[in-house]
1. For helix 219-238, report the angle its Cα long axis makes with the longest principal axis of the Cα atoms of the chain; keep it between 0 and 90° and round to the nearest 10°.
2. Sort 170, 379 by Cβ crowding within 10 Å, fewest neighbours at the top.
3. Treating only the Cβ atoms of Lys and Arg (+1) and Asp and Glu (-1) as charged, compute the dipole magnitude of segment 13-105 about its Cα centre; round to the nearest 20 debye.
4. Rounded to the nearest 0.05, what FRET efficiency is calculated for residue 43 and residue 231 with R0 set to 56 Å and r the Cβ-Cβ distance?
5. Order by neighbour count: 182, 83, fewest other Cβ atoms within 10 Å first, most last.
6. Take residue 298, project a point 7 Å from its Cα along the Cβ direction, then tell me which residues of segment 169-212 have their backbone nitrogen under 13 Å from it.
7. Could I have the simple spin-label model distance between residue 83 and residue 105, label points 7 Å from Cα toward Cβ, reported in nm to one decimal?
8. Can you order the peptides 244-251, 95-102 by their average number of other Cβ atoms within 10 Å per residue, highest first?
Amino acid sequence: MQTVLSEEFIGTAEGEKAKEVIANCVHCGFCNATCPTYQILGDELDGPRGRIYLMKEMFEGKPVSEITQQHLDRCLTCRACETTCPSGVKYSELVDVGRRVMERKVERPLTERVKRWGLKEMVARPAVFSRAAAVGYTLKPLLPQSLKELLPDRPAKGRAEPTRTHARIMLVLDGCVQPSLTPQTNSAAIRVLDALGITLKRVPRAGCCGAVRHHLNDLEGAKTDARRNIDAWWPFIQSDQAEAIVSTASGCGVQLEHYADLLADDPDYAEKAQKIAGLSLDISLILQNELLAVDARTLPQTSSPLKIAVQEPCSFQHALRNKASISALLTRFGHTPVPVRDGHLCCGSAGTYSVLQPELSEQLRTNKIEALQVSSPDMIVTANVGCYGHLAAKAPIPIKHWIEVVDDIFSESETGASLQKLEA
Ligand code: SF4
Ligand code: SF4
């Protein structure tokens, strides 16, 4: 589709980006078939094609209203439409600039502005979030159901993290909410990589990846988060001490990959951001690669094989287009991944979506939990802290990050055939 930019947008980065993305759309509507909000609401304007059209009109100078904004707000940014689109339309790049322009043009009611500000200032600050989560856990029995659901059960105290160090070092992103809600995930990743001869190092100065602020249209805030993380990691990268930046939350992994674009115009950070983005890897890819060097016959096998439903987060399958298969990894350790229905559809967590669009989010969660259980699994696994918390609040069966399942197997093997022997 051709966009005739209004005077306001001619020659601007936002206008040119919108024009470039929209030009690839042939208006075929294939994307509607896999859009979660279109499936629920059945309104063309709540599907990708309709949203693209709304943004085209905005960039052409047509008036926009809170109704237009609502159609964009209802988008999960799940990117299922990008996976489906035969023309390679980069919808997420369009909705990114479209939402920012919309934010300037349509003022939100005060309550909405306060809610969004609160999310940015609380969720994206690990120290603040951890204090709030501690209070939340203490008061959990007294909280209304809607707030209780935002706090998954308090994690059990996990096994100790290794103290030895290896010559091979990778850095792990702790992120903003994960240290409070699921600290067991990074502990598991640290133990698994330790068994494979890699030290996975935390760098305390690094914090939120910036996705929370980015998704709430605070681009400058997201850049500040990115610069802080780069500053924290750079000494290890510059000196070639660390070979990768590992994320155990696929949503954060997407943002890390985006650092190069985010800071492309920053003369002090553009090069560093590109390097960091290139070194960023999801833990699934690391494990898949490392296992290539292990004799398959010596891999530890679970003593309690389970039927496992794998929930591949949207960030994992549609944004990162991750080449590692969680199902294949779990199969190698003796578990049985089982078929799930509509695996391409979002669970409704989507960053802060569950707070900002509670009704739609709830419906998507109900659908997802049902779809994950069609093969009567014993357990659900995921690859992102947001999906974990969202699903764990209602799932009737246990849910874990998949790396915790691998960690359980590795820890069992230490009492029998130790992994050190397996590696030899
Ligand atoms: S599938 Fe792609 S080309 Fe077709 S309408 Fe959707 S975004 Fe446009
Ligand atoms: S990102 Fe997801 S919710 Fe948004 S238009 Fe695309 S498929 Fe629909």
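1. Approximately 30 degrees, to the nearest 10.
2. 379, 170
3. Computed about the Cα centre, the dipole is about 80 debye.
4. Calculated transfer efficiency: 0.80.
5. Arranged by neighbour count, lowest to highest, 182, 83 become 83, 182.
6. 196-197
7. Inter-label distance under the simple model: 3.1 nm.
8. Most protected by this proxy first, the peptides run 244-251, 95-102.
Bear in mind that the values in this text are calculations on the coordinates, not laboratory data. Owing to the predicted nature of the structure, the values given are computational and were not obtained by experimental measurement. Here the Cβ is made from the backbone with ideal geometry for all residues, glycine too, and neighbour counts use every protein chain on show.
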